[in-house]
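As structure tokens, the structure follows; a few thoughts come after it.
The values are calculated or read from the model by the stated rules, or taken from the named source; none is laboratory data. Because the structure is a prediction, the values reported are computed rather than measured. Note that each Cβ is placed from the backbone with ideal geometry, even for glycine, and that neighbours are counted across all protein chains shown.
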Amino acid sequence: MLKAVFYDLDDTLFPARSVPEEVARPMLSALRDVLEGCGELKAAQIADIMDKVWDRPLDEIARLHGLSAEVLVRVGALFTGFRLSCELMPYPDIQVIGQVPGLRILVTTGFRRLQESKLECLGIAHYFDRIIVDALDEPGRRGKQAIFRELLEAYQLRPDEVVVLGDNPHSEIDAGNKLGIPTVQILRGRKQAAASASFHVEDLAKFLRWIETRGMCPPS
Ligand SMILES: [Mg+2]
């Protein structure tokens, strides 16, 4: 019996790259200045970071490119002050979430003000019973695995009563797998299927169908 779903935000419920260019431009140009000015990155690395900045959490990008602590602090300072103020659209199937049984808990990794502003711009907070930001810019960051574990304890849930839905194999899929929670990877757009996810779906309607066919809830 399904009692809760832990949802990811970016590229699960809205296309992270849909932030309007004019809104992102000042931020991206400041980021480029820091990366070019630090003297420790090749042009190809800078291009890759600029390409991934909407797709992956900054800690993951930093690991991938071996960013020094000094550069990470400077980049973090840019993001910490940045919030979006524009209209954003969720994926058109967002209302399917209302049909998924159990607690709806959103857990999103990123800079607090930026992630919270995305939710305001999207207008989707009302779909969720609880929203948790795994904030990269706050001390004592726990990460998704620790947050998921705390949620299991707080709501007295067994791992098999929960499903993790997200796009990123290195983030929520990995965290769910380590706790024995079934993980469903949502493959929006050009996303590659990760073998580590228990199941794959293309959209929220297929996710709902997957839950129903597993007998986790009565068919709608
Ligand atoms: Mg994501």
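Residues in segment 169-196 that are in a loop (DSSP other than H, G, I, E, B) and closer than 20 Å to Pro15 by Cα: Pro169, His170, Ser171, Leu187, Arg188, Gly189, Arg190, Lys191, Gln192, Ala193, Ala194. Contact map, segment 1-21: residues that are farther than 21 Å from His170 by Cα and among the small types (Gly, Ala, Ser) paired with residues that are more than 10 Å from the ligand (Cβ to nearest atom) and part of a helix (DSSP H, G or I), Cβ distance under 8 Å, separation 6+ or inter-chain. Pairs shown: Ala4/Leu151; Ala4/Glu161. Kindly establish whether Ala30 is more than 16 Å from the ligand (Cβ to nearest atom), buried (at least 16 other Cβ atoms within 10 Å of the Cβ) and farther than 27 Å from Ile124 by Cβ. The answer is yes for Ala30. Within segment 125-168, being at pLDDT 95 or above, in a loop (DSSP other than H, G, I, E, B) and either within 18 Å of Leu2 (Cα to Cα) or away from the ligand (no atom under 16 Å from the Cβ) (or both) holds for Phe128, Asp129, Tyr155, Gln156, Leu157, Arg158.
Filtering segment 90-115 to residues that are away from the ligand (no atom under 16 Å from the Cβ) and under 14 Å from the mean Cα position of the chain (by Cα) leaves only Arg112.
For Leu67, the stated conditions hold: it is away from the ligand (no atom under 16 Å from the Cβ) and either over 19 Å from Val201 (Cβ atoms) or out of contact with any His (no Cβ under 6 Å at 6 or more places or on another chain) (or both).
Residue check: Glu138 meets all listed conditions (1) surrounded by fewer than 18 Cβ atoms within 10 Å (Cβ to Cβ); (2) outside the structural domain of Leu165 (by TED's automatic domain parsing) but one, namely (2).
Take the conditions among the polar types (S, T, N, Q) and at pLDDT 95 or above and apply them to Ser198. Does it pass? Judged against the criteria, Ser198 is not a match. Considering segment 169-183, and only residues there that are of a type outside the set (Val, Ile, Thr) and without any contact (Cβ under 8 Å) to a residue 40 or more places away in the chain, the residue that is nearest to the ligand (Cβ to nearest atom) turns out to be Pro169.
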